[in-house]
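No value in this document is a laboratory result; all are computed from the given coordinates. Remember, predicted model here, so these are calculated numbers, not experimental data. Quick reminder, even Gly has a Cβ in these numbers, built from the backbone with ideal geometry, and neighbours come from all protein chains shown.
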């Protein structure tokens, strides 16, 4: 209502100096709004939307990109063992890493929340450091910690007569290592989100629960988790997308090895599409990240719409 | 949300928390175990950067010696001074700095007006566009790099303008990562500004542009700082795009330069690689150390404002 009133009064003011129709057009709310968003629209249309659609087209071409071959790239992928290995590894990697990150983030957020306010800032600052260092650079440190002959972890393990552990040499250990590094990098993000969520839970709820004699687990189950549900859901979805599409850590730590056993979609698509020069096949591989994106998008959109209704 | 309100929030929460603790002894034990486990987690979090520093201070002889890897017996700064005087490393650093600064400027020029329009000027399709911006943020770069690579190759064939293997191609690529998120959090910040403020300005005859530059930008400054920090860290840390799009040594940025050329150049000169990684991680770490509250506000705004 008030907006209409404003527009009317603005129009009256504009009327007075008798502006030209062209100038008036450029002062209208919708025109200005459109001009303000135009760069954003162009950017998204040209550099996000178009390439996304273009990759679907690319996926239907042959290697030299001279001929339309329909779905042959996909049927070819389905016959390859490596492809199914990548599917499996991507899912194992993303799901286990996200669960571990969420769990550790949740625990650490609670621990930090226990602390008195003055100390909290300092701890929060230290715990978030892994998230701040560019992952490509911190993974180099992990690579060196995992070095086959000079591993500092193996040196420590040797003291208690364990090892040497082939951190990146053996398939199982290499899978474990990429997950470990991803958890190290991503858990602080969960911690910071959950800590923010914990602070927004009204303290009165806990006071009432304490008066009623609720145990720690009851408070966790009936107050903390329901109050944090939205944040937990959205953070997990975010992280699932980012982890599923992870490139830096796997690329630097194992480069997909040993014998392609730790490849995820992104690193394999890079190997085939950019290094191998088979752009259509690489595009087909990366297209397999679409389904999880769509599922996440639907969930998040539903959430946004629900909030819209509440307001 | 202003910086001061961020800072004051924890103290308020904690003072309430202290009251709910119940028996004093219980509370002290809980605190003890909290500190105990937090120490373990903090040790885990800080170990790799610490190990970077330890290795960076060693000579190659000491790196390959069979001594305790967690201790430096003969600390030296030679790795750092060598890197800081090496033209190659300085080129990486310069490229990274130029790209990051320009990306921040481009991002802000695009996302601030767009966020203003989307949060204040309802026009046809603005609601859909706001949701679309958020969804774009979810599209990972690993999905787009192959079609973009092909697009730029085709673009060269058509116009003769070479983009691949030029550092400035990153100026086109990085905004696809930074703009959607920055627009999204700026919509949130602008949305929290009372409507009376811009209504009053418009009533007084201010144009939309004046309302944005004179009122919204100053009032939402904390949000703009948070968005700037986000754009800078993303631009500084990005690895896939420069790895795929740039190959010549003089066009590389730090993240790729350290990971590819330093490893290839020497027979795994780990002291220097770790020193380089630490120097490369320094700018985001310094920004984080000084502007932690803004950094965290930007991080949490994305989900909580949604």
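For the range B:204-224, state whether one or more residues are within 30 Å of residue B:54 (Cβ to Cβ) and without any contact (Cβ under 8 Å) to a residue 12 or more places away in the chain.
No.
The rows are residues; the columns are (1) more than 29 Å from the chain's Cα centre (by Cα); (2) surrounded by fewer than 14 Cβ atoms within 10 Å (Cβ to Cβ); (3) in contact (Cβ under 8 Å) with a residue 12 or more places away in the chain.
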residue	(1), (2), (3)
B:66	yes, yes, no
B:76	yes, no, yes
B:92	no, no, yes
B:104	no, no, yes
B:108	no, no, yes
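Across the range A:28-40, what is the total count of residues that are surrounded by fewer than 17 Cβ atoms within 10 Å (Cβ to Cβ) and either within 7 Å of another protein chain (Cβ to nearest Cβ) or touching a residue at least 24 places away in the same chain (Cβ under 8 Å) (or both)?
So the count comes out to 1.
Whether any residue in the range A:211-232 is outside any helix (DSSP H, G or I), over 17 Å from the mean Cα position of the chain (by Cα) and under 30 Å from residue B:236 (Cβ atoms) is what I want to check.
No, the range A:211-232 contains no residue that is outside any helix (DSSP H, G or I), over 17 Å from the mean Cα position of the chain (by Cα) and under 30 Å from residue B:236 (Cβ atoms).
In the range A:278-291, how many residues are in contact (Cβ under 8 Å) with a residue 60 or more places away in the chain and more than 7 Å from chain B (Cβ to nearest Cβ)?
Number of matching residues: 7.
Within the bounds of the range B:241-251, is there any residue that is closer than 28 Å to residue A:191 by Cβ and surrounded by fewer than 17 Cβ atoms within 10 Å (Cβ to Cβ)?
no
In the range A:107-142, what count of residues is obtained for those that are buried (at least 20 other Cβ atoms within 10 Å of the Cβ) and more than 9 Å from chain B (Cβ to nearest Cβ)?
The total comes to 1.
Sort out for me the helices (runs of 4 or more DSSP H) sitting completely within the range A:128-175 that have 2 or more residues that are under 24 Å from residue B:269 (Cβ atoms) and within 22 Å of the chain's Cα centre (by Cα).
Result: A:135-145.
Might you check whether a residue that is touching a helix residue (DSSP H, G or I) at 6+ places or on another chain (Cβ under 8 Å), buried (at least 21 other Cβ atoms within 10 Å of the Cβ) and facing another protein chain (nearest Cβ under 10 Å) occurs anywhere in the range A:211-229?
Looking for residues that are touching a helix residue (DSSP H, G or I) at 6+ places or on another chain (Cβ under 8 Å), buried (at least 21 other Cβ atoms within 10 Å of the Cβ) and facing another protein chain (nearest Cβ under 10 Å), one finds none in the range A:211-229, hence no.
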